[in-house]
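The structure under discussion is supplied below as structure tokens; questions concerning it will follow.
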Amino acid sequence: MDQLITIERFIIDQEREYPQATGIFSRLLEDMALAAKIISRETRRAGLTQILGMAGRVNVQGEQQMKLDIFANETIIRINSYGGRLAAMASEEADDLIHIPPEYACGKYVLIFDPLDGSSNIDANISVGTIFAIHRRKSFDGCGVIEDCLQPGRTLAAAGYVIYGPSTMMVYTTGNGVHGFTLDPTLGEFLLSHPNISIPAQPKYYSANHSYEPHWTNGVQHYTRWLQGREPMNPEKGGMDASACPLSARYVGSLVADFHRNLLEGGVYYYPADTKFPQGKLRLTYEAAPLAFIAQQAGGYGSNGQQPILDIHPRSLHERTPLFIGNTGLVRKAEAFIAQDDNGTPK
Ligand code: AHG
Ligand code: MN
Ligand code: MN
């Protein structure tokens, strides 16, 4: 790339392609980028909390320290409350719908987010992330209602994530390709570094928590052996053929980091339904749907093992779902194994 394109400029350039755009949506994305910078700054200091003060204690400056996931949650809420762009928010960290304070106007979008994904990894200084999804509200006026957030991923206006890794990156889509921006810490700006991301046709990795294997269904166990090149599917059905295998295993335990690697390098991440988590573990609205929208925009696919994640109509804010996501052919193969070995229903 021969010029520096900041995320703000990119968002404005995209807005110009829609003459009817009011700019509200663009400001909303810019607010998310600002929240990401603040969370990134705090994440960089996470290892210092032992010295400067732990959660619930007071640090040397006399400030109350917060756990990073609470800090991330409150930062996103604070930055998005007053702009008049949102009708409501929903967060993995909040039991109920988050209302816009009465002193501020309500807008036409709702924001749904996982403020800190992979939070169990923070203490070990391993990459974590933020996931967000934006829907147009369904209700007509006043403040937002829960139904505004309970829409299938297929109707998302935008989705994105931030990864706090060796670099901080923000990756998002508004349904017009997937674009990645890397934070230049000296400028404090997200710069376009990964335009038009598409998942490589030849995958490299599969990502799953193998310690759960004894609890997996026959279909998922068989699928895993197929990914490892240890067992064929006879006859070959649906999805990628076995020439892609064996794949290497990589599992960070932060969904954002595992998804991001597979998006750039090719692969599949799965957190299936099993006997321990019969509904799966991951959240449909905060995690699976936004990432499935991004995957689809990058030429990939997200499934619950039986149907596209994007088609599932959430019934509650914190609904869980099994998730298989990454290269389309690999995800279709998971569906084929589950249909063949589990009679289409996880046991
Ligand atoms: P969160 O930190 O937002 O609760 O999400 C954790 C999720 C996800 O990031 C990760 O892929 C998965 O939990 C890891 O779960 P296991 O430890 O069971 O593998
Ligand atoms: Mn999460
Ligand atoms: Mn979380």
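Could you tell me which residue of the range 274-300 is surrounded by the fewest Cβ atoms within 10 Å (Cβ to Cβ), considering only residues that are within 26 Å of Asn176 (Cα to Cα) and of a type in the set (D, E, K, R)?
The residue in question is Arg283.
For the range 202-220, how many residues meet the condition of being closer than 14 Å to Lys333 by Cβ and under 25 Å from the mean Cα position of the chain (by Cα)?
4
Inside the range 301-347, can you point out the residues that are surrounded by fewer than 21 Cβ atoms within 10 Å (Cβ to Cβ), of a type in the set (Gly, Ala, Ser) and part of a loop (DSSP other than H, G, I, E, B)?
Ser316, Gly344
Condition check ((1) more than 19 Å from Gly180 (Cβ to Cβ); (2) in contact with a Ser or Thr (Cβ under 9 Å, 6 or more places away or on another chain)) across all residues:
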position: Phe10; (1), (2): no, no
position: Gln14; (1), (2): no, yes
position: Thr22; (1), (2): yes, no
position: Met32; (1), (2): no, yes
position: Thr43; (1), (2): no, yes
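Do you know which residues across the range 115-135 are away from ligand 2 (no atom under 14 Å from the Cβ), of a type outside the set (Val, Ile, Thr) and not in a loop (DSSP other than H, G, I, E, B)?
Matches in the range 115-135: Asp123, Ala124, His135.
Can you tell me which of Ile112, Ile77 is within 30 Å of Val252 (Cβ to Cβ) and surrounded by 23 or more Cβ atoms within 10 Å (Cβ to Cβ)?
Ile112 is the lone residue from the list that is within 30 Å of Val252 (Cβ to Cβ) and surrounded by 23 or more Cβ atoms within 10 Å (Cβ to Cβ).
Go through (1) surrounded by fewer than 21 Cβ atoms within 10 Å (Cβ to Cβ); (2) farther than 15 Å from Ser207 by Cα and name the single condition Glu265 misses.
Exception for Glu265: condition (2).
While we're on this one: Show the residue pairs that are 6+ apart or on different chains and have beta-carbon atoms under 6 Å apart, the first residue being within the range 233-260 and modelled with pLDDT of 90 or more, the second being of a type in the set (A, V, I, L, M, F, W, C) and in a loop (DSSP other than H, G, I, E, B).
If the second residue must be of a type in the set (A, V, I, L, M, F, W, C) and in a loop (DSSP other than H, G, I, E, B), the pairs left are Asp258/Val252.
Turning to a different aspect of this structure: Considering each residue of the range 82-109, count those that are more than 16 Å from ligand 3 (Cβ to nearest atom), assigned to a loop (DSSP other than H, G, I, E, B), free of Cβ contacts under 8 Å to residues at least 60 places away in the same chain and among the hydrophobic types (A, V, I, L, M, F, W, C), and give that number.
Looking only at that region, the number is 3.
Among Gly253, Gly305, Gly300, Gly267, which is in the same structural domain as Trp216 (by TED's automatic domain parsing) and touching a Lys or Arg at 6+ places or on another chain (Cβ under 9 Å)?
One residue alone meets the criteria, Gly267.
List every residue pair whose Cβ atoms lie under 8 Å apart, where the two residues are 6 or more positions apart in sequence or sit on different chains, the first residue falls within the range 183-196 and is closer than 14 Å to Ile39 by Cα, and the second residue, located anywhere, is surrounded by 14 or more Cβ atoms within 10 Å (Cβ to Cβ) and of a type in the set (Gly, Ala, Ser).
Leu183/Ala36; Leu183/Ser40; Phe190/Ala33; Phe190/Ala36
Test of understanding: among Ile70, Ile79, Ile112, which residue is away from ligand 3 (no atom under 14 Å from the Cβ) and outside any loop (DSSP other than H, G, I, E, B)?
That would be Ile79, the only listed residue that is away from ligand 3 (no atom under 14 Å from the Cβ) and outside any loop (DSSP other than H, G, I, E, B).
If you take the residues of the range 16-52 that are modelled with pLDDT under 90 and touching a helix residue (DSSP H, G or I) at 6+ places or on another chain (Cβ under 7 Å), which of them is farthest from Val162 (Cα to Cα)?
Filtering the range 16-52 for residues that are modelled with pLDDT under 90 and touching a helix residue (DSSP H, G or I) at 6+ places or on another chain (Cβ under 7 Å), the one farthest from Val162 (Cα to Cα) comes out as Ala21.
Report yes if Leu227 is surrounded by 14 or more Cβ atoms within 10 Å (Cβ to Cβ), more than 16 Å from ligand 1 (Cβ to nearest atom), within 25 Å of Gly129 (Cβ to Cβ) and of a type outside the set (Lys, Arg), otherwise no.
In short, yes.
The values are calculated or read from the model by the stated rules, or taken from the named source; none is laboratory data. All figures in this text were calculated on a predicted structure; none of them were measured in a lab. Glycine gets a Cβ as well: all are built from the backbone with ideal geometry, and neighbour counts include every protein chain shown.
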